Amino acid sequence: MRFGLWLLLALSVAIVGCVHSHLPLRHDSILAPYAPIGAEWFYPESKLQTNAVAVLIHGLNMNPQKFADVVQLLNKKGVTVLRAALSGHRGKFEEFKNITRDIWLADVYQAYHAARLVADEKHVPLYFVGYSLGALLNADLMTLYGNEKIKYDKIVLFAPALTTRWYTRMVLALWSGFVLPSGAPPGYEINSGTPMAAFEALFQAKAAVREAQFKNLNLPTLVFLDKNDELISYRSLENAIKNFGLDKWHIEYVDNTKGTVQPRYHHMILDQRSCGSEEWARISDKTIEFLRVN
């Protein structure tokens with residue numbers, strides 16, 4: 001019973017590690033030509049040196065600010081970043097309680113559209129970086145609308161919720177009005193708990209991608225995943241890549257046993273403290289090498 005509850009709490013938080021930052025992030029929500037509600041733009045040292053644009057979308061009940069290490073990594077390499085905030089992750093819990101898959105898909109599209117305008121204006125590539133739920137929702141949107149309407153040059157995914165383990169669906173057995181308390185340390189979560197509507201939307205998105213057989217998703221994609229991830233089945237993801245012809249995908253397996261965040265989840269692989277300094281350096285190098293930004 002305790003093990004089952006722990007799994008549900010792990011799914012509820014879907015969080016990343018602490019922010020480990022020595023340099024201030026340069027951000028602005030006003031000067032950019034367009035930013036969806038809750039989204040923020042983060043710039044390289046000089047906007048004139050922008051050589052790519054990236055959309056970042058967070059995980060379930062995750063504070064979007066916890067993407068800081070990734071934002072900093074990309075900014076240092078000249079990438080302008082739009083960090084989105086999904087509905088229900090903007091300080092309004094009532095919004096979270098009434099969330100639907102369609103609302104989240106609209107959020108993801110708005111973020112894409114805003115970043116696409118900037119990338120086209122600057123004539124630079126557009127990238128997507130997603131963690132857990134964020135990775136899933138972008139895949140859902142792409143299977144729906146195809147590469148003509150949703151076009152990224154490259155994609156980086158951290159622990160994508162595309163192939164969740166069988167027992168994660170246990171959460172759907174809870175009654176519709178239930179709010180699962182967060183097990184995250186203070187500051188990691190954006191809300192004190194996750195409502196059932198959010199889990200229902202997540203599993204609807206996952207089912208939609210599966211039913212579409214991952215169509216429109218065979219773009220250059222780098223996936224970071226820990227084989228011991230409590231929520232994501234690496235074998236199922238490997239099978240999906242093979243069965244659905246995703247020959248442009250590559251999985252880079254991660255070991256976060258040297259991470260310093262407690263409690264440590266193998267699903268948390270998105271910053272230096274959650275991965276450990278040596279592993280995070282390797283992840284950073286792999287990301288920059290894959291995106292080919294200088």
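The values are calculated or read from the model by the stated rules, or taken from the named source; none is laboratory data. Predicted, not measured: the structure shown is a model, and the values here were computed from it. With ideal geometry, Cβ positions are generated from the backbone for all residues, glycine too; neighbour counts draw on all protein chains shown.
Report whether or not ASN256 is surrounded by fewer than 16 Cβ atoms within 10 Å (Cβ to Cβ) and within 19 Å of the chain's Cα centre (by Cα).
no
It is to be established whether one or more residues within the range 87-99 are within 15 Å of VAL209 (Cα to Cα) and not in a strand (DSSP E or B).
For the range 87-99, residues within 15 Å of VAL209 (Cα to Cα) and not in a strand (DSSP E or B): absent.
Among VAL124, VAL118, which is surrounded by fewer than 24 Cβ atoms within 10 Å (Cβ to Cβ), assigned to a loop (DSSP other than H, G, I, E, B), of a type in the set (A, V, I, L, M, F, W, C) and touching a residue at least 12 places away in the same chain (Cβ under 8 Å)?
Exactly one residue qualifies, and that residue is VAL124.
Restricting to the range 141-181, give me the number of residues that are over 28 Å from VAL53 (Cα atoms), small (Gly, Ala, Ser) and modelled with pLDDT under 90.
2
So which residues in the range 131-151 are surrounded by fewer than 24 Cβ atoms within 10 Å (Cβ to Cβ) and not in a helix (DSSP H, G or I)?
ILE150, LYS151
Suppose the filter is within 22 Å of PHE158 (Cβ to Cβ) and surrounded by fewer than 24 Cβ atoms within 10 Å (Cβ to Cβ); does ALA68 pass it?
yes
(1) at negative phi; (2) at pLDDT below 95: which one isn't true of GLY276, the others all being true?
Just one mismatch for GLY276, condition (1).
So, VAL129, is that one under 16 Å from the mean Cα position of the chain (by Cα) and at pLDDT 95 or above or not?
Yes; evaluated as a whole, the condition is true for this residue.
Taking into account only those residues within the range 70-108 that are modelled with pLDDT of 95 or more and among the acidic types (Asp, Glu), which is farthest from the chain's Cα centre (by Cα)?
ASP102
Collect the residues in the range 238-294 that are among the acidic types (Asp, Glu) and more than 29 Å from LYS215 (Cβ to Cβ), keeping them in residue-number order.
Of everything in the range 238-294, those that are among the acidic types (Asp, Glu) and more than 29 Å from LYS215 (Cβ to Cβ) turn out to be ASP255, ASP271, GLU278, GLU279, ASP285.
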